[in-house]
Amino acid sequence: MTDSKDKTDEEWRAILSPEQFRVLRKKGTEPAGTGKYDSHYEEGVYECAGCGTPLYKSNTKFKSGCGWPAFFDAVPGAVNRHEDRTFGMTRIEITCAACGGHLGHVFKGEGFSTPTDERHCVNSVSLTFKS
């Protein structure tokens, strides 16, 4: 079996919706406030929509008001961080450690009363949810 990071664009297109492909594989962003998990607070686990890897537990999700699902921490080892210098700024991109799918960005020091003082700003389309 081929590692999911090694799938071709054609293989990814066969298993992802066009919007999932645009965000997960081409580093797109869904419009703020449009994702189904922004205001979703059920108990369970958020998984990568590309490969099913558990990424975030619901007890790390919080209301940030940013328009995307926000988490203060990921499942250990599930998310990789990369410097992103696009759009004339420096940010920290987060990707699924298993398949390399783009999830969103991490922001630090915003003053939220969370244990890590981080906001993992994640595209809903990059996630699935299991209760």
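Miscellaneous remarks
- The residues neighbouring residue 72, those whose beta-carbon lies less than 14 Å from its own, together hold a net charge of +1 under the Lys/Arg +1, Asp/Glu -1 convention.
- Computed E for residue 10/residue 83 - FRET, C-beta separation, R0 22 angstrom, nearest 0.05: 0.15
- Each Lys or Arg adds one and each Asp or Glu takes one away; over the other residues whose Cβ falls under 12 Å from the Cβ of residue 116, this sums to -2.
- Dipole moment magnitude, nearest 20 debye, the stretch 6-130 about Cα centre, only Lys, Arg, Asp, Glu C-beta charged: 120
- Of the trypsin sites (Lys or Arg not before Pro) found in the stretch 80-131, the ones in coil according to DSSP and having at most 15 other Cβ atoms within 10 Å of their Cβ are 85.
- Exceeding the 23 Å Cα-Cα cut-off - candidates 7/130; 108/130; 36/61; 36/63; 36/57: 7/130; 108/130
- Relative to its Kirkwood radius, the Cα radius of gyration of the chain gives an Rg/Rh of 0.94.
No lab work stands behind these numbers, since they all come straight from the coordinates. Predicted model only: the values in this text are computed from it and were never measured. Counting neighbours? That spans all protein chains shown, and the Cβs are built from the backbone with ideal geometry, glycine included.
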